[in-house]
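> Here you go, one structure.
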Amino acid sequence: VFFVISGYLIGWIIMRDLEQERFSFLNFYARRIRRIFPALLVVLATALTIGWFALLPDEYKTLGKHVLGGAAFIDNFFLWQESGYFDISSKLKPLLHLWSLGIEEQFYIIFPLILYLSYIKKINFYFIILIFLILSFITNIYAYEISPTMDFYSPLTRFWELVTGSLLAACVRKRPAKRSYLLIDKHISKLLWRNSQKNNGRSLSLFLAILGTTFFIISITFARSTNPWPAWKAIFPVLGASFFIAAGPINAISKYILCNRISLFFGKISYPLYLWH
């Protein structure tokens with residue numbers, strides 16, 4: 001879910017800036033650094049300080065390696081070489097969760113360059129993103145059969161989750177998107193309601209939110225600590241998040257569950273909360 005949302009936001013920002021001819025790699029990475037590094041450095045410094053008093057020498061040495069990996073956004077590679085995410089030993093790694101931040105930042109290095117080159121060569125964003133998604137997903141399925149641990153930590157097998165969000169952003173940004181949305185809403189309205197409704201997108205928004213909720217419930221039923229990475233079953237949370245993004249805030253589910261004050265509060269502090277959890 002986190003990857004899909006990040007991919008959507010980053011894809012939207014890059015495509016918007018490229019289309020407006022104001023994209024700058026320097027500005028893009030400067031914004032990422034200002035957003036990510038301050039809170040991350042505090043967490044890493046705190047882990048080192050507490051570890052100095054609480055850990056044995058060998059354990060502290062391992063912690064130092066993961067602090068370096070977290071600061072350089074390559075901790076997923078270090079963890080890949082160690083134990084699986086759900087092994088007993090993994091529960092004793094205070095910086096284990098930084099694997100996802102590493103994959104996200106590695107995506108930020110590769111994906112903007114791909115979109116920039118496609119823009120220079122006048123290739124449709126939609127086509128490039130779709131190819132990227134398919135190749136990464138196939139790699140995910142293949143790698144799972146070889147090594148579930150590699151499949152979990154490798155950026156090549158996880159990029160498709162981020163790219164799904166970017167693909168959604170590309171579709172939404174297409175000029176006929178709003179017209180198509182309202183056309184589908186007209187037909188969905190006939191299925192959901194007895195009486196005719198205004199063709200304002202609310203029926204389709206509710207339908208997408210229901211689909212998103214359904215896929216999230218299916219995802220929970222597949223979540224097991226004995227299954228380190230669900231491979232193709234990861235489609236369910238990815239689709240759930242995508243449907244909710246596409247639904248927007250105008251349906252009752254999003255409005256009262258995702259857009260209430262409590263949810264918005266935790267959304268605003270989600271990044272530091274993730275770092276400290």
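> Which residues, counting only those in segment 116-130, are among the aliphatic types (A, V, I, L, M) and either more than 18 Å from the chain's Cα centre (by Cα) or modelled with pLDDT of 95 or more (or both)?
Scanning segment 116-130 gives LEU117, ILE120, ILE123, ILE128.
> Next question. Within 16 Å of SER154 (Cα to Cα), polar (S, T, N, Q), open to solvent by 20 Å² or more (accessible area, probe 1.4 Å) and at pLDDT below 95: is that true of GLN106 in this structure?
Numbers: within 16 Å of SER154 (Cα to Cα): yes; polar (S, T, N, Q): yes; open to solvent by 20 Å² or more (accessible area, probe 1.4 Å): yes; at pLDDT below 95: no.
Spelling it out, it is not the case that GLN106 is within 16 Å of SER154 (Cα to Cα), polar (S, T, N, Q), open to solvent by 20 Å² or more (accessible area, probe 1.4 Å) and at pLDDT below 95.
> Continuing with this model, one more query. When THR46 is evaluated against the numbered criteria (1) of a type in the set (Ser, Thr, Tyr); (2) surrounded by 15 or more Cβ atoms within 10 Å (Cβ to Cβ); (3) farther than 25 Å from PHE159 by Cβ, which criterion, by number, is the only one it fails?
Failing condition for THR46: (2).
> A further question on this structure: Could you tell me whether LYS91 is at pLDDT below 85, surrounded by fewer than 19 Cβ atoms within 10 Å (Cβ to Cβ) and within 27 Å of ILE245 (Cβ to Cβ)?
no
> Restricting to segment 193-216, name every residue that is farther than 15 Å from ALA241 by Cβ and exposed (fewer than 15 other Cβ atoms within 10 Å of the Cβ). Steps first, answer last, please.
Of the residues in segment 193-216, the ones farther than 15 Å from ALA241 by Cβ are 193-207.
If the condition is that a residue be farther than 15 Å from ALA241 by Cβ and exposed (fewer than 15 other Cβ atoms within 10 Å of the Cβ), then TRP193, ARG194, ASN195, SER196, LYS198, ASN199, ASN200 are the ones that fit.
> Then there is this: Across segment 109-133, which residue is farthest from TYR271 (Cα to Cα) among those that are open to solvent by less than 80 Å² (accessible area, probe 1.4 Å) and without any contact (Cβ under 8 Å) to a residue 24 or more places away in the chain?
Step by step, filter segment 109-133, then rank; the result is ILE123.
> From SER219, SER263, SER180, grab the single residue that is surrounded by 17 or more Cβ atoms within 10 Å (Cβ to Cβ) and hydroxyl-bearing (Ser, Thr, Tyr).
On the way: SER263 fails: surrounded by 17 or more Cβ atoms within 10 Å (Cβ to Cβ); SER180 fails: surrounded by 17 or more Cβ atoms within 10 Å (Cβ to Cβ).
On inspection, the qualifying residue turns out to be SER219.
Results for (1) assigned to a helix (DSSP H, G or I); (2) touching a Lys or Arg at 6+ places or on another chain (Cβ under 7 Å); (3) modelled with pLDDT of 90 or more; (4) open to solvent by 70 Å² or more (accessible area, probe 1.4 Å), shown as yes or no for each residue.
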| site | (1), (2), (3), (4) |
| --- | --- |
| PRO228 | no, no, no, no |
| PRO237 | yes, no, yes, no |
| PHE243 | yes, no, yes, no |
| PRO249 | no, yes, no, yes |
| LYS255 | yes, no, no, yes |
| LEU273 | yes, no, yes, yes |
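Residue by residue, here is whether (1) touching a strand residue (DSSP E or B) at 6+ places or on another chain (Cβ under 8 Å); (2) surrounded by 16 or more Cβ atoms within 10 Å (Cβ to Cβ); (3) closer than 29 Å to TYR126 by Cβ; (4) small (Gly, Ala, Ser) holds:
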{"residue": "GLU19", "(1), (2), (3), (4)": "no, no, yes, no"}
{"residue": "ARG31", "(1), (2), (3), (4)": "no, no, yes, no"}
{"residue": "ALA71", "(1), (2), (3), (4)": "no, no, no, yes"}
{"residue": "PHE78", "(1), (2), (3), (4)": "no, yes, no, no"}
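> Out of all the residues in segment 92-108, which are assigned to a loop (DSSP other than H, G, I, E, B) and closer than 16 Å to TYR271 by Cα?
Narrowing segment 92-108 to residues assigned to a loop (DSSP other than H, G, I, E, B): 93-97.
If the condition is that a residue be assigned to a loop (DSSP other than H, G, I, E, B) and closer than 16 Å to TYR271 by Cα, then LEU95, LEU96, HIS97 are the ones that fit.
> Please state which one of ARG158, ARG194, ARG179 is free of Cβ contacts under 8 Å to residues at least 24 places away in the same chain and either under 23 Å from the mean Cα position of the chain (by Cα) or not in a helix (DSSP H, G or I) (or both).
Within the list ARG158, ARG194, ARG179, the selection yields ARG194.
> Okay, next question. Condition first: basic (Lys, Arg) and either modelled with pLDDT of 85 or more or farther than 29 Å from PHE125 by Cβ (or both). Now tell me which residues in segment 171-201 satisfy that.
LYS190, ARG194, LYS198
> Oh, and also: State all residues of segment 134-151 that are open to solvent by less than 20 Å² (accessible area, probe 1.4 Å) and under 20 Å from ILE109 (Cβ atoms); if no residue qualifies, say none.
Those that are open to solvent by less than 20 Å² (accessible area, probe 1.4 Å) and under 20 Å from ILE109 (Cβ atoms): SER136, ASN140.
The values are calculated or read from the model by the stated rules, or taken from the named source; none is laboratory data. Keep in mind that what you see is a predicted model, and the values were worked out from it rather than measured. FYI the Cβ positions are ideal-geometry reconstructions off the backbone, even for glycines, and counts take in every protein chain you see. All accessible areas refer to the heavy atoms of the entire protein, side chains included, with ligands and DNA or RNA removed. Shrake-Rupley method; radii C 1.70, N 1.55, O 1.52, S 1.80 Å.
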